[in-house]
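Just below is one structure, and these are the notes that go with it.
The values are calculated or read from the model by the stated rules, or taken from the named source; none is laboratory data. Keep in mind the model is a prediction, meaning the values are calculated, not measured. Reconstructed Cβ throughout: ideal geometry from the backbone, glycine too, with neighbour counts over all protein chains shown. Just so you know, the surface numbers come from the protein's heavy atoms only, side chains and all, with ligands and any DNA or RNA stripped out. Shrake-Rupley method; radii C 1.70, N 1.55, O 1.52, S 1.80 Å.
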Amino acid sequence: MYLQYKQRNFKTWLQEIGSLTGSKATNNLLFFPETIGRGYCFADSIDRTFSFGILDAELNTDFTLHRLSNNQSGLLIFFNQTQVTNFIHVKNKKDSFRNEETIQKNNIFLSPTNTELQVNYSAGSRIKRLGIYLTPQWLSLHRLYVGGNGIV
């Protein structure tokens, strides 16, 4: 399964993922069809500038999340717990990372939303993610800037 999208607040993102997977989100909750795997996504907003999403799934197929640049300097923070069965491949325009073995990965991943990012998981992988999306407005209000050199 290949899902290409532009990052927006997570409630809008959830509706878009639902359309791409042929599923419908109800009450901010989306259950994956068996063709993808067992699991769900939940999304909500704290306010217009701060939203979050939760993903908990065991994949029945290879799964690619391909985020296109949304041309805004927002920030995504992901807290990840993954049990990868065969491979995980993460790449952006500058860097690429690939593991090709069964591995447990727990990490925190920061990413500006004005860059493209692709993450590929192999079938059988178990993914748990909490994502937080901070809009450019939130960052400005809290005097943070996300640029080419990171967070200032």
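Annotations
- Each residue in region 53-74 was checked for being in a loop (DSSP other than H, G, I, E, B) and open to solvent by less than 50 Å² (accessible area, probe 1.4 Å), and 5 of them qualify.
- Count of residues meeting criterion [among the hydrophobic types (A, V, I, L, M, F, W, C) and not in a loop (DSSP other than H, G, I, E, B)] in region 1-38: 9
- Among the residues making up region 94-112, a single one is in a loop (DSSP other than H, G, I, E, B) and touching a Ser or Thr at 6+ places or on another chain (Cβ under 7 Å): 102.
- Exclusive hit being surrounded by fewer than 15 Cβ atoms within 10 Å (Cβ to Cβ) and either hydrophobic (A, V, I, L, M, F, W, C) or within 16 Å of the chain's Cα centre (by Cα) (or both), set 77, 17, 36: 77
- The single residue among 29, 59 that is modelled with pLDDT of 95 or more and in contact with a Gly (Cβ under 9 Å, 6 or more places away or on another chain) turns out to be 59.
- Across region 113-149, the number of residues qualifying as at pLDDT below 90 and assigned to a strand (DSSP E or B) comes to 2.
- Filter pass, residue 152 being modelled with pLDDT under 90, among the β-branched types (Val, Ile, Thr), open to solvent by 80 Å² or more (accessible area, probe 1.4 Å) and over 19 Å from residue 46 (Cβ atoms): yes
- Among the residues of region 39-52, those that are open to solvent by 40 Å² or more (accessible area, probe 1.4 Å) and either farther than 18 Å from residue 134 by Cβ or not in a strand (DSSP E or B) (or both) comprise 40, 42, 48.
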